[in-house]
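The values are calculated or read from the model by the stated rules, or taken from the named source; none is laboratory data. For clarity, every value in this text was computed on a predicted model and none was experimentally measured. We place every Cβ from the backbone using ideal geometry, glycine too, and count neighbours over all the protein chains shown. Accessible surface areas use protein heavy atoms only, side chains included; no ligands, DNA or RNA. Shrake-Rupley method; radii C 1.70, N 1.55, O 1.52, S 1.80 Å.
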Amino acid sequence: MSLLNLKHIKKVFTEGNTNQIVALRDIDLSVEKGEFVAIMGESGAGKSTLLNIIATLDQPTSGTITLNQTDLSHLSEKDSSQFRREHLGFVFQSFNLLDTFNNRDNIFLPLVLSKAKHEFMIERIKPLSKALGIDNLLDRQPSEISGGQKQRIAIARALITQPDLLLADEPTGALDSGNSEKILQLFNHINHSGQTILMVTHSAEAASYAQRTLFIKDGIIYNELYRGDQNRSHYLEQIINSLAALQSREVTSQ
Amino acid sequence: MIQFKLAYHHLVKNKNQSLPFIFSNTIWVAVVYIFLAMLYDTNLKNISFGAIAVALMQLGLGFVILVSGLAIIYAEQTLSKQRTKELGLYSMLGLNKHNLRQVIGIENLLFYAISTGLGLIIGITFSKLSVMSLRVLLNFEHLHQTLTIKPIAIAAIIFAIIFLLLTLYDFWGLRHINPITLWHKASKAETVPKGHTFLAITGLIVLIMGYYISISSRASLSAFLQMMVAIMLVVAGTYLIFIIGSIVFLKLLKQNENYYYKPKNFIAVANMLFRMKQNGAGLATISLLCTATLVSIIASVSLVAGQNNLLNLWSQRDIQIVSTSPINLVQNEQITQFASKTNISLQSRRQMTVTMPTNGELKNNYFKANNSLKTEVAISSLDLQQYNHIEGTHYHLADDEILLYSPDNTYQGKEIIIHGHKYKVKPVTSFNTSFVYNHSTYKPIFIIAKSQAIAQKINPTPVLYVTSFNTVGTKSACKQFGEKLPNLLNADPASITSRFVIKDLFGSLFGGFLFIGVLISLVMICATAMIIYYKQVSEGYSDKANYAIMRQLGLSQQETRKAINSQVLTVFLLPIVGAVINLAFALPVLKNVLSVFSMYNINILISVSFICIALLITIYMLIYWATTAVYKQIIVS
Ligand SMILES: Nc1ncnc2c1ncn2[C@@H]1O[C@H](COP(=O)(O)OP(=O)(O)OP(=O)(O)O)[C@@H](O)[C@H]1O
Ligand SMILES: [Mg+2]
């Protein structure tokens, strides 16, 4: 049984009374435990929408979605909040750290919301801050650290609850290539220690770190690439080729 | 001009912050204008005791200008955080320092023009409407109001100065600009002020000095300057204490890990610490406004409630004639004839002779005659036979025993020493024909001795003849009788007291004070409500993004509400507590003022204070409840 299952997911945004935008038409997707999956597609293809539905921040118009056998399509506001806290971790493109807390308290936030004990928080942060190399950042404010450092704090915040699934929406979008590489190696590392990751990205380079890459177009999963045993540069080449094919299709169809 | 466009653009784009800021400025302009209009556009000076009313209004004006200046400067800090970020962007795009100053100047000018314009319109409308309706409600026809340019101009100038200072302060903030630091400043948490222990101690000292000056200065017009200084010190002290105090308080909460790391406290404490100075300043402003509301309403209601006290002190009979020679037969005849002419009948006539009061002070049961600033009482004496006759009592006294009547039983001693003789005191609570000689402000004390000889020994002064009676007839007839009597007998008006005449006089006299008091407290409570509203709205918009992120991380709506409640409730009571403490030190001043009018009655003052505090707390909670709903609305929407 896979960790995450999406069946016939459709999402329609209604603007005004008449104008309907079909963001997702028919998405079928399953993710196994321990997988690292990348999602690619053009701007406006519906990647964020898909991620938001998985994150229970939004509900599908139709279709079913289960995580760990829990049906997510019809959770109440209260239940979905609790579900997010307990089962999901988020990393955002714009980090979304809170200026009101120092970095340590930013990382503690999900545990505080789950009413964890302070001793427990301290226990959890120790190995995490060592692995992410953020020990000396913890007592500073988010406004006092660099973008790459912020993203590492955000990742620590996402991982401190030991979530079933880590969701990342363009986690390297605001970073230079050096910092991006560090973050992706980090993802690779935590994935190797068992963490399931679903990552939306625009960069083929970033996607090449994943074990599988999905291409979304016209509201469906248009293509899927498995890395298998290839090395990363081979896989990267494959991804770039697929993207090119995707774009040329568009040119011919126009 | 590009600078104008940028300033305008910024004002409009950040309307979530700039509108509440304009809103609060408008309130301050309106409040200041209302005070000015009362001073310059009314006949306040000319009504009785107008000079005191004018002095009090001037104190009030000084107070609101001070508080509004501080409040505006603090409110602008939130706004300028956002602005700083944009200025950083502009300077990256190539605007130089001079251009940035122009942008700031233009934006502040816009704020000034809009706030002052709106504030004046609201102020004029409010003062017109309230003077009109209060005149009807309180049945007080003596106050008139016109509309002149003077208060408008003065208000405009006062706020021009405040905004000028504000602009200079903003320029100061630009002094070492560097685009990057400007950009980062916006997301920086406020830091604990440097030397905060020193500041806290300074605040405490300043506050105590203010309290001390206000308590120790005697209430009189000459103490005006002292009172103004006291007010300034208390305002400064309150701000310092609230800012530093709330920071220390929040830091302590944060250090308590078991408290801090709970969902609702975690968010609330962090939010408040993030804008700790602004938070403290806002609380101080609210506290000072509450204080002003309390003081003005308690003072005016006490005056009105105390007026019966004064009336009874002056005379418990309808007519009381005090003279140095007895009323002769001719005068007696004139009185009777005039009574029948005005269609009233005279009843229960009483006559007594007492010794003329000697002024002095009472200390440790020891009476010392003097006429100085310390003089408090006026002692006169009579013999037991007269007292028993008037009161219908059957007291017996030994040579060294006396009965003592002091209004409101202010004399508590078991004995009294006068001219070296010690007398045992039996207090009596009733003396129907007590009076205040020449309506002086000293408290009368009547000593009833066994015989006339002892009465003379106690107070060796010439005797006064006191004739009193009640009048029965229509109210207007009784009043007319009282008004004409001094003329008829060719006597000094102060020697003849008519309750009907005095009651009318007091009505118009203290009605004026009540009027002003109610008006000021109305203005103050409205300002309090508006400032609390402003605080919640501006904080709501600055917290909105944070709550949105936390919702993504799994904060449910219910938990959001809990966090908001905790944030509001943690500090909600502090302003009221501060206001009550301030009030405790304002009450002695009030007592002095009331004493000048011989209207000080501890019971009245305390009960009025309690009622007003309870009322204020109720209104305050309603305001908080309503504005918290607005805050939640902003966060959740
Ligand atoms: N709340 C909304 N209301 C209406 N339409 C929306 C809403 N959110 C997204 N859309 C539309 O749905 C489509 C998919 O948007 P989505 O944000 O998922 O794109 P994306 O793939 O994440 O793009 P990008 O790479 O630019 O982030 C777009 O056409 C967008 O305009
Ligand atoms: Mg997106």
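Cβ-Cβ under 6 Å, sequence separation 6+ or interchain: first residue in segment A:87-106 and under 18 Å from A:I183 (Cα atoms), partner within 16 Å of ligand 2 (Cβ to nearest atom) and not β-branched (V, I, T). Which pairs?
Partner pairs satisfying both residue conditions: A:F90/A:L167; A:V91/A:A168; A:V91/A:P171; A:F92/A:D169; A:Q93/A:D169; A:Q93/A:E170; A:Q93/A:G173; A:Q93/A:A174.
Test B:I215 against the stated conditions and say whether it is under 30 Å from B:V54 (Cα atoms), at pLDDT below 90 and crowded, with 16+ Cβ neighbours inside 10 Å.
no
Of the residues that sit in segment A:154-179 and are open to solvent by 30 Å² or more (accessible area, probe 1.4 Å) and part of a loop (DSSP other than H, G, I, E, B), which one is farthest from ligand 2 (Cβ to nearest atom)?
A:Q162
Pick out the one residue from B:A477, B:A491, B:A545 that is open to solvent by 20 Å² or more (accessible area, probe 1.4 Å) and in a helix (DSSP H, G or I).
B:A545
Can you pull out the residues in segment A:13-27 that are more than 9 Å from ligand 1 (Cβ to nearest atom) and under 15 Å from A:K217 (Cα atoms)?
A:R25, A:D26, A:I27
Determine which single condition B:K368 fails, assuming it passes every other condition in (1) within 30 Å of B:A230 (Cα to Cα); (2) open to solvent by 30 Å² or more (accessible area, probe 1.4 Å); (3) of a type outside the set (A, V, I, L, M).
It fails just one condition, (1).
Would you say B:L182 is crowded, with 17+ Cβ neighbours inside 10 Å and modelled with pLDDT of 80 or more?
For B:L182, the condition - crowded, with 17+ Cβ neighbours inside 10 Å and modelled with pLDDT of 80 or more - is not met.
Of the numbered conditions (1) more than 14 Å from chain B (Cβ to nearest Cβ); (2) among the small types (G, A, S); (3) open to solvent by less than 40 Å² (accessible area, probe 1.4 Å); (4) within 16 Å of ligand 1 (Cβ to nearest atom), A:A210 fails exactly one; give the number of that condition.
(4)
Could you please give the count of residues in segment B:549-575 that are within 9 Å of another protein chain (Cβ to nearest Cβ) and assigned to a helix (DSSP H, G or I)?
7
All but one of (1) under 18 Å from A:F215 (Cα atoms); (2) within 16 Å of ligand 2 (Cβ to nearest atom) hold for A:A55, so report the exception by its number.
Failed condition: (1).
Among the residues of segment A:28-59, write down those that are closer than 21 Å to B:L555 by Cα and more than 9 Å from ligand 1 (Cβ to nearest atom).
Matches in segment A:28-59: A:I53, A:I54, A:A55, A:T56, A:L57, A:Q59.
Kindly establish whether A:A168 is closer than 30 Å to A:K115 by Cα and within 15 Å of ligand 1 (Cβ to nearest atom).
So A:A168 passes the test.
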